[in-house]
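A short worksheet on the structure shown next.
The values are calculated or read from the model by the stated rules, or taken from the named source; none is laboratory data. What you see is a predicted model, and the numbers here were worked out from it, not measured in a lab. With ideal geometry, Cβ positions are generated from the backbone for all residues, glycine too; neighbour counts draw on all protein chains shown. Keep in mind that these areas ignore ligands, DNA and RNA; they rest on the heavy atoms of the full protein, side chains included. Shrake-Rupley method; radii C 1.70, N 1.55, O 1.52, S 1.80 Å.
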Amino acid sequence: MRLTEKNWVAIKNNDKSFDNQFWYGVKTTKIFCRPSCPSRLPKKENVEIFASSEAAQAAGFRPCKRCRPLNRPVSNQVWIEEINHVLVEHYPENITLAELAYRVHGSESYLRHVYRELTGLTPQQKLAKIRLEKAKSYLQETDESVGVIAGRVGIPNSAYFIKCFAETYGQTPYQYRLQHA
Ligand SMILES: [Zn+2]
C-alpha cells in the first residue's frame, strides 16, 4: 500500500485510532508496528504501509517487541533474531547500543540483559565478532590495505582494529593475510 499523508500523520502522532486499520514496516530494520507504537519515528522514505499484519509478515517483516502488532508478546528468541538481523545488515555503520535499541524498538538495558541471557554475548561483542569475521574474508579475498578493511567493517580506527583482531585470533591481520594468501 502507498504511504498517504494521513498514514504518516497517524504514525507521527502515535494515533491509536488507526490501530488495526493499517500497519507500517521500517525497511531498514524489517520490523513492523502499529500506528500507535511509541518507538522513535522512522525516516519517512523507509516506511512501508500494510493493510494487515499478515501482509507485513508475508513481506518479510517481523513484529515489533514494543507495540506487539500480532496481539501477542514477541518472544525473546524472535527478538534476538531481529537484533542479529540489524547487526548483520548494518555492521559497517556506527551502531551504538542506543542506536540498536532504537532500531529494534526496546530499551537499552533490557536489550543488553536479554541478549546476554540468550546468547552469552553482549550485543557489542556480537557486533565485534561479525566485523572481525567480515575482515577475515576481506583479508583473504581482496588486496585492500588493513586500514581500508578496518574502515569497511565499521572500525575506522585501524590501530584499534589491529588490536581487536590480534586479541581475538592470536595473530595480526597482516599475519592472517600472509597465512591465508
Ligand atoms: Zn512498534
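Considering the stretch 22-36, and only residues there that are at pLDDT 95 or above and not in a strand (DSSP E or B), the residue that is farthest from His105 (Cα to Cα) turns out to be Phe22.
For the stretch 9-19, a residue qualifies if it is exposed (fewer than 14 other Cβ atoms within 10 Å of the Cβ) and part of a loop (DSSP other than H, G, I, E, B), and exactly one does: Asn13.
Is it the case that the stretch 107-121 has a residue that's surrounded by fewer than 16 Cβ atoms within 10 Å (Cβ to Cβ), within 24 Å of Thr172 (Cα to Cα) and modelled with pLDDT of 95 or more? Working first, answer last.
The initial filter retains those residues of the stretch 107-121 that are surrounded by fewer than 16 Cβ atoms within 10 Å (Cβ to Cβ), namely 107-110, 113, 116-121.
With within 24 Å of Thr172 (Cα to Cα) added as a condition, the list becomes 121.
Adding the requirement that they be modelled with pLDDT of 95 or more leaves 121.
Yes, the stretch 107-121 has at least one match.
Counting only helices (runs of 4 or more DSSP H) that sit wholly inside the stretch 85-159, those with at least 3 residues that are outside the structural domain of Ile31 (by TED's automatic domain parsing) and farther than 25 Å from Arg177 by Cβ are 97-103, 108-119. Answer yes or no: is there a residue in the stretch 42-51 that is out of contact with any Leu (no Cβ under 8 Å at 6 or more places or on another chain), closer than 27 Å to Gly151 by Cβ and in a strand (DSSP E or B). Checked the stretch 42-51: no residue is out of contact with any Leu (no Cβ under 8 Å at 6 or more places or on another chain), closer than 27 Å to Gly151 by Cβ and in a strand (DSSP E or B). The set of residues from the stretch 56-74 being open to solvent by less than 60 Å² (accessible area, probe 1.4 Å) and more than 15 Å from the ligand (Cβ to nearest atom) comprises Ala59, Gly60. Pairs are defined by a Cβ separation below 8 Å, a sequence spacing of at least 6 or placement on different chains, a first member in the stretch 90-117 that is within 21 Å of Ala150 (Cα to Cα), and a second member that is among the polar types (S, T, N, Q); the pairs so defined are His90/Thr28; Leu97/Gln124. The residue that is farthest from Lys129 (Cα to Cα), among those in the stretch 75-92 that are within 10 Å of the chain's Cα centre (by Cα) and surrounded by fewer than 16 Cβ atoms within 10 Å (Cβ to Cβ), is Glu81.
Criterion applied to Ser39, Ser53 was being open to solvent by less than 20 Å² (accessible area, probe 1.4 Å), modelled with pLDDT under 95 and of a type in the set (Gly, Ala, Ser), and the one residue passing it is Ser39.
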